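Visitor: Pasting a structure here, questions to come.
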Amino acid sequence: MGKEIKKKVDKELKPIDRKSTQPANLTGDEAAIFQRIKSEAEGSKEWETISEKDLHDYSLGVDPFKLPAFAKKMKDAKQFAFRWVERKKERLDEIRSLEPPKKWWIVNASTIPESESECDPILGCVTRYDQLLVFKPYWMFEVDQRMKREIIDGKDRAGDLRSKHKQQVDETGSEMLVGDKFKIDGKADVIMADEEEFGNDDLEDLVDDNE
């Protein structure tokens, strides 16, 4: 009688299979991590079937972020400009929401068919570690760079003027160059521009020149 009760209790207290049961109250990121751990736990021991000849040969002397062959060819032909960006949704939303010529597009088999052999089979884009490859038409890249150089040149010229002429700060905190040469009469217009109108993309958005 006692053995029968023990068997019944053991059956009712069968441990939960934690490999397949998702804990409650997980955040979105935690749930995503849990699902990835679960899928790996349920899979085969992949590493047991991988040999040395299957590995990518990333020599210590080779830059892993060197442009793929197809991208370098297009860059050299001045067809497209390429760069690596962090593979995060916030960063991707940022570069895709910019107005041309600052906007970048994601490299995939649809946008750049030549990239198909380099695309990650899961994500469908060209990846390196936590980065993915983006592009824009080369002519658009050149316009963007020209705009940035003009902004820098304008700042340099303004700095030269401030060093040569007396400055004055008005009640609003604005700096002004003073003197007869800089006097504004009724025939002149005061033109102001906010640098943020040009966007906040980094000045280092350059084409990858790695050979």
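The values are calculated or read from the model by the stated rules, or taken from the named source; none is laboratory data. Worth saying up front: this structure is predicted, and the values here are computed from it rather than measured. In this analysis, Cβ positions are derived from the backbone assuming ideal geometry, glycine residues included, and neighbour counts consider all displayed protein chains.
Visitor: How many residues does region 31-45 hold that are modelled with pLDDT of 75 or more and over 24 Å from Arg128 (Cα atoms)?
Guide: Qualifying residue count, region 31-45: 2.
Visitor: Consider region 97-122. How many of its residues are of a type in the set (A, V, I, L, M, F, W, C) and either without any contact (Cβ under 8 Å) to a residue 24 or more places away in the chain or out of contact with any strand residue (DSSP E or B) (no Cβ under 9 Å at 6 or more places or on another chain) (or both)?
Guide: Selection size over region 97-122: 4.
Visitor: Across region 140-155, what is the total count of residues that are within 19 Å of Lys75 (Cβ to Cβ) and either of a type in the set (A, V, I, L, M) or surrounded by 13 or more Cβ atoms within 10 Å (Cβ to Cβ) (or both)?
Guide: Final tally of qualifying residues: 7.
Visitor: In addition: Can you tell which of Glu48, Glu12 is more than 30 Å from Val85 (Cα to Cα), at pLDDT 75 or above and either surrounded by 10 or more Cβ atoms within 10 Å (Cβ to Cβ) or among the charged types (D, E, K, R) (or both)?
Guide: Exactly one residue qualifies, and that residue is Glu48.
Okay, residues lined up against (1) loosely packed, with under 13 Cβ neighbours inside 10 Å; (2) in contact with a Pro (Cβ under 6 Å, 6 or more places away or on another chain); (3) on the phi > 0 side of the Ramachandran plot:
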site: Leu92; (1), (2), (3): no, no, no
site: Ile95; (1), (2), (3): no, no, no
site: Ile112; (1), (2), (3): no, no, no
site: Glu118; (1), (2), (3): no, yes, no
site: Asp130; (1), (2), (3): yes, no, no
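Visitor: Only one of these conditions is not met by Ala81: (1) at pLDDT below 80; (2) touching a strand residue (DSSP E or B) at 6+ places or on another chain (Cβ under 7 Å); (3) of a type in the set (A, V, I, L, M). Which number is it?
Guide: Of everything listed in (1) at pLDDT below 80; (2) touching a strand residue (DSSP E or B) at 6+ places or on another chain (Cβ under 7 Å); (3) of a type in the set (A, V, I, L, M), Ala81 misses just condition (1).
Visitor: For region 84-107, enumerate the residues that are among the hydrophobic types (A, V, I, L, M, F, W, C) and within 11 Å of the chain's Cα centre (by Cα).
Guide: If the condition is that a residue be among the hydrophobic types (A, V, I, L, M, F, W, C) and within 11 Å of the chain's Cα centre (by Cα), then Trp84, Val85, Leu92, Ile95, Trp104, Trp105, Ile106 are the ones that fit.
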